[in-house]
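Written out below as structure tokens is the structure these notes cover.
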Amino acid sequence: MTVKITRVGTTKDQLGESPCWDADAQALTWIDALPGTLWRLPLDAVQAVQAERHQLPAPVGSIAPCRSAAVVVALRNSFARYDFATRRLEHLAGIPVDHPKVRFNDGKCDAAGNFLAGTMHIDRQAGEPVMGGLYRLRTDCRVEQLADDIGFANGPCFSPDGAVLYLADSLERIIWAYDYDPDGPLRNKRVFARTQAFDSGPDGATTDSQGFLWTVLTRAARLARYAPDGELDRVIELPVSYPTSICFGGPRLEHLYLTSISRSTRLEGTLVQDGGLFQLEGLPAAGRLPHHFGDC
């Protein structure tokens, strides 16, 4: 298998994150988390020099498409909805955590239209209890805490049938699996994969049409694909110092889009292309349509 990796456009993010595909608009959206930039790029402009730029309150943890021309957003400690046409940000709900070292990080929608987002507890000391965890924003804008033991949440994604939630704790270098019910609590937490052998925590993740899980290995500059039983299937070298997150997109969901870091609070790339957006072609399977948030 030969994978072709090309840069898309000329954007250069400090901390590129949370790419997501809007199949209705045939557009890719992603964020530069630290300055709060929201990018939107229609497919027919995929090689354009300029993507459409929007501004959100910084920092931004993650986004996911809504059923309308908007995205649901995880901000520092609250959820909001941003409308592309009106450029209006609407507050939806908050979480009961207001601490300078805790903020939202990665998020994804489930098949029922709920938005799940996890937090990162920065500079947590040995023995210090985790603040935050994993939260679910329901379609009626109620917020539920699903987990309180994830210190650095990343890569939430689902099995094709929606019955399994995968969630990484990057500091622990573990991808967990849970039995998932959109109307109930998480159950049967177990280890899906460990990434210590790569000397990197797992970051952004997604599943493909065959049920395999793809995860970014940020500090190893690689992309790993795991079978549904957790067996490592393959590893792809990436042309950036610190890749971050991925999503499938394109007319047939045949491409994988990748974001990266040029300079975050902890990592600084050394390559000219660091911070860019990239497209991967020639993968063993296509992706699946992303789930949308069921607007409140």
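Only the coordinates and a few stated rules stand behind these numbers; no lab work does. Quantities reported herein were computed from a predicted structural model and do not represent experimental measurements. FYI the Cβ positions are ideal-geometry reconstructions off the backbone, even for glycines, and counts take in every protein chain you see.
Taking the Cα centre as origin and putting +1 on Lys and Arg beta-carbons and -1 on Asp and Glu beta-carbons, what dipole magnitude results for the stretch 158-296, to the nearest 20 debye?
The calculation lands at about 280 debye.
Only counting other Cβ atoms within 10 Å, I'd like Leu89, Leu238, Leu213 sorted with the fewest neighbours first.
Working: Leu89 18, Leu238 21, Leu213 27.
Fewest to most other Cβ atoms nearby, the residues stand as Leu89, Leu238, Leu213.
What does the charge count near Ala117 come to, summing +1 for each Lys or Arg and -1 for each Asp or Glu among other residues with Cβ under 11 Å from its Cβ?
Numbers: positive: Arg103, Lys108, Arg136; negative: Asp106.
The answer is +2.
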Cα to Cα, under 27 Å, and not fewer than 8 places away if on the same chain: which lysines meet these conditions relative to Lys4?
Lys12, Lys108
Top of Asn105, Asn188, Asn154 by mean-square fluctuation, Gaussian network on the chain, Cα under 10 Å:
Asn188
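Could you line up Thr259, Thr139 from fewest to most neighbouring Cβ atoms inside 10 Å? Walk me through the intermediate numbers first.
Numbers: Thr259 29, Thr139 16.
So the residues, fewest neighbours to most, are Thr139, Thr259.
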Show the residues, 5+ positions off or on another chain, whose built amide H is closer than 5 Å to the amide H of Asp233.
Arg225, Tyr226, Ala227
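Among Cys20, Cys66, which comes first, then next, by fewest other beta-carbon atoms within 10 Å?
In increasing order of surrounding Cβ atoms, one gets Cys66, Cys20.
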Distant-in-sequence amide H partners of Ala93 (H built 1.01 Å from N, under 5 Å)
Phe79
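Which of rounded, prolate, oblate describes the chain, given a ≥ b ≥ c as roots of the alpha-carbon gyration tensor eigenvalues and a/c under 1.5 marking rounded, otherwise prolate only if a/b is larger than b/c?
Numbers: a/c = 1.23, a/b = 1.08, b/c = 1.15.
Taking the square roots of the gyration eigenvalues as a ≥ b ≥ c, the chain is rounded.
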Output the relative contact order of the chain, whole-number percent, from Cα pairs under 8 angstrom with separation of 6+ residues.
19
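Report, in cubic angstrom per residue, the convex hull volume of the C-alpha atoms of the stretch 51-99. Don't skip to the end; give the middle numbers.
Working: hull volume 4.1 nm³, N = 49.
Cα-based convex hull of the stretch 51-99, divided per residue, equals 83 Å³.
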Putting +1 on Lys and Arg Cβ atoms and -1 on Asp and Glu Cβ atoms, find which of Leu167, Gln210, Cys157 reaches farthest to the positive end of the dipole of the stretch 121-228.
Gln210
With +1 on each Lys and Arg Cβ and -1 on each Asp and Glu Cβ, how big is the dipole of the stretch 4-281 about its Cα centre, in debye rounded to the nearest 20?
480
